[in-house]
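Down below is the structure, laid out as structure tokens.
No lab work stands behind these numbers, since they all come straight from the coordinates. Note that this is a predicted model, so its numbers are computed, not measured. Heads up, the Cβs are rebuilt from the backbone with ideal geometry, glycines too, and the neighbour counts pull from every protein chain shown.
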Amino acid sequence: MDTTVNTRVVELVAAKAELPVAELGLERTFEDIGLDSLHLMEIALWMQKEYGVVIPEGDLRHDQPLGEALAYLDAKTR
């Protein structure tokens, strides 16, 4: 995985969840950390602006572990 992409995504997720990065475990889901569908859309739009990749609606899910989402997003940037 590209650690730069992952670091930036984790920082964004932490900011959206209003949590320190240290509290975001890779096994925690978006729902566990308090993110809703609007937050997931914002993350998808940010990925499009930053990396030029389209994240289809529904590809990021509330029940998705952060580690799985990071792997998916990393793959989209390659």
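Quick notes on this one:
- Close contacts from the stretch 66-78, counting a first residue that is in contact (Cβ under 8 Å) with a residue 40 or more places away in the chain and buried (at least 16 other Cβ atoms within 10 Å of the Cβ) and a second that is small (Gly, Ala, Ser) and not in a helix (DSSP H, G or I), with Cβ to Cβ under 8 Å and a gap of 6+ residues or different chains, come to Leu66/Gly25.
- Under the condition of being over 14 Å from Ala69 (Cβ atoms), among the small types (Gly, Ala, Ser) and assigned to a loop (DSSP other than H, G, I, E, B), the residues counted in the stretch 1-49 number 1.
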